[in-house]
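These notes concern the structure reproduced below.
The values are calculated or read from the model by the stated rules, or taken from the named source; none is laboratory data. Predicted model only: the values in this text are computed from it and were never measured. Using ideal geometry, Cβ is built from the backbone for each residue, glycine included, and neighbour counts are taken over all protein chains shown. Surface accessibility is based on the protein's heavy atoms, side chains included, excluding ligands, DNA and RNA. Shrake-Rupley method; radii C 1.70, N 1.55, O 1.52, S 1.80 Å.
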Amino acid sequence: MNTTVPSNNSPMIQLKGVRKSYGLYEVLKGIDAEVARGEVVVICGPSGSGKSTLIRTVNRLEEIGSGSIVCDGNNIHQPMPARELNLLRSRIGFVFQSFNLFPHLSAIDNIAISPIRVKGVPREAAYAKATQLLERVGLADKAHAYPGQLSGGQQQRVAIARALAMEPPVMLFDEPTSALDPEMVGEVLAVMKGLAADGMTMMCVTHEMGFARDVADRVWFIDQGQIIESAPPDEFFSRPQTTRAQRFLSDLRH
Amino acid sequence: MISDIVAIIRDYWLLLLIGQYPNGPLGGLAATLMLSVLAIAFAFPVSIALALARLSKSPFLNWPVTALVYFTRGVPLLMLILWGYFLVPLVTGANVPAFLTMLVTLVVYQGAFLSEVVRGGIVALGHGQMEAARALGHSYLGAMRYVILPQALYNVIPSIISVFVATIKDTTLGYVINVPDLTFAASQINNQLLTQPFQVFFILAAVYYVICWSLSRVAVLTERRITRRRAGTAPQPTAKSLKLAALTDQPS
């Protein structure tokens, strides 16, 4: 594999001139940005601005038109055999808005199946690890519940545990709380805060500005396919530079 | 009337059961069951392969299989059987037993129908499941095997069973190329008795009904069992059985 040994001060994620179009419509218009190791970046912006598309290009759920994305020293979008891409993907945790748990598997099977089938982890070790992860997200008692028996918040916490089971050095969150009832948002954010506190590198598309304020190291504000602001949260929230961001923030308050 | 039927069964039960065997090929109910089981056993994996090929982005897989499925679905089964029976020996010069011709034709024909059922089940699942599996590092086929198919096939169990039942009923068409199945045995009996076609073919219908009904029954029970397990209302596993399951269970 074309792997450069990542040193500790090289960025975890590096986006260079990332462009993507759907037909004639350009969703991403040249994104240049970096996420440092251990950094938590919150991506916000109006709907249709390209934030979900952007985060989905990082593990190549979406292809890009031009530019490059390097994650943990690996050039994600260069041509490579499918096997290699699968391996890279397994090293990037991804949490979906709609959870996408496997409904035919119990919570613990959801978590254990990928380490077993993708990484070849022995069953006992995989289930031991899955039990640990369920404890970590506060669902040890739900190990044998099926997704259909869990609340949205519980499902999303299992989904986070499922992504963590592959031991990725970086986690991507695509609006993890948008599909949840308001009273369940807190429990998911609490798990994410815990992850951030443990030093996980995180990229998170969210509308939870409280989370951004408390946890993020930086906020990227995206509008019309470009990052037009990138600043620490206190700076972004108190002194947004662009009129677009000012309007976005004032709209959020109302 | 009923006594006629009882008399026919009493006189001809062995012929109905195994045909002329051991003086001729194995026939009767045994042949029908063998043909059905083999046809279903082969058609099922074939249908999954065909469905995956039709879903493939590669035109080399997609186009020929799409053509095959359309062709097969548009031509009567009887036509395919007769073609297979007369053309294959003509073209290849090989002497193909009628049983084999019938089996292969059934597998192709029902495989094509079943592949549409399977494909429908996969497509109906939506993108989320595949994306989630790929994001975790599963290969396309791995995701199919462990995530997509267990759900898709479960969701289309009723349609799959319909095709299985149709397959069993279609084995009767083997009669036209002299496959010595149950139908063939019944018509032999009818030719000997001459005067009791209703009674003879009533027995035939009853036997087919029992076979197909049993299969539907097994399917319903299987479906219920899976549903119960997935709803989690099945007995909760004990610590011991869990440990065993962790070691031996295939994720389904």
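The table below gives the values:
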read-out	value
Given (1) more than 20 Å from the chain's Cα centre (by Cα); (2) part of a loop (DSSP other than H, G, I, E, B), number of the condition A:ALA126 does not satisfy	(2)
Odd one out for A:ARG136 among (1) open to solvent by 50 Å² or more (accessible area, probe 1.4 Å); (2) modelled with pLDDT of 95 or more; (3) under 26 Å from B:TYR140 (Cα atoms)	(3)
Condition check for B:THR66: within 24 Å of B:ALA41 (Cβ to Cβ) and of a type in the set (S, T, N, Q)	no
Test: residue in the range A:139-157 that is part of a helix (DSSP H, G or I), within 9 Å of chain B (Cβ to nearest Cβ) and surrounded by 20 or more Cβ atoms within 10 Å (Cβ to Cβ)	no
Pick from the range A:158-192, criterion in a helix (DSSP H, G or I) and among the charged types (D, E, K, R), ranking: farthest from A:ARG91 (Cα to Cα)	A:GLU183
Test: residue in the range B:36-45 that is without any contact (Cβ under 8 Å) to a residue 60 or more places away in the chain and farther than 22 Å from B:PHE164 by Cβ	no
Output for the range B:35-58, where each listed residue is open to solvent by 30 Å² or more (accessible area, probe 1.4 Å) and polar (S, T, N, Q)	B:SER58
Residues being in a helix (DSSP H, G or I), within 7 Å of chain A (Cβ to nearest Cβ), over 22 Å from the mean Cα position of the chain (by Cα) and without any contact (Cβ under 8 Å) to a residue 60 or more places away in the chain - total across the range B:137-155	2
Considering residues of the range A:99-123 that are among the small types (Gly, Ala, Ser) and more than 7 Å from chain B (Cβ to nearest Cβ) only, the residue most open to solvent (accessible area, probe 1.4 Å)	A:GLY120
Residue match in the range A:171-179 (condition: over 14 Å from the mean Cα position of the chain (by Cα) and of a type outside the set (Ser, Thr, Tyr))	yes
Residues located in the range A:214-236, provided they are out of contact with any Leu (no Cβ under 7 Å at 6 or more places or on another chain), surrounded by 15 or more Cβ atoms within 10 Å (Cβ to Cβ) and not in a strand (DSSP E or B)	A:VAL215, A:ALA216, A:ASP217, A:GLN224, A:PRO233, A:PHE236
Entirely in the range A:34-98, the strands (runs of 3 or more DSSP E) that have 1 or more residues that are open to solvent by less than 20 Å² (accessible area, probe 1.4 Å) and more than 18 Å from A:SER230 (Cα to Cα)	A:66-71, A:92-95
Options A:GLU183, A:GLU229, A:GLU167; residue that is acidic (Asp, Glu), closer than 22 Å to A:ILE108 by Cβ and touching a helix residue (DSSP H, G or I) at 6+ places or on another chain (Cβ under 9 Å)	A:GLU167
Test: residue in the range B:186-198 that is aromatic (Phe, Trp, Tyr), at pLDDT below 95, out of contact with any helix residue (DSSP H, G or I) (no Cβ under 6 Å at 6 or more places or on another chain) and within 30 Å of B:ARG10 (Cα to Cα)	yes
Residue in the range B:180-188 that is outside any helix (DSSP H, G or I) and either out of contact with any Leu (no Cβ under 6 Å at 6 or more places or on another chain) or not polar (S, T, N, Q) (or both) present	yes
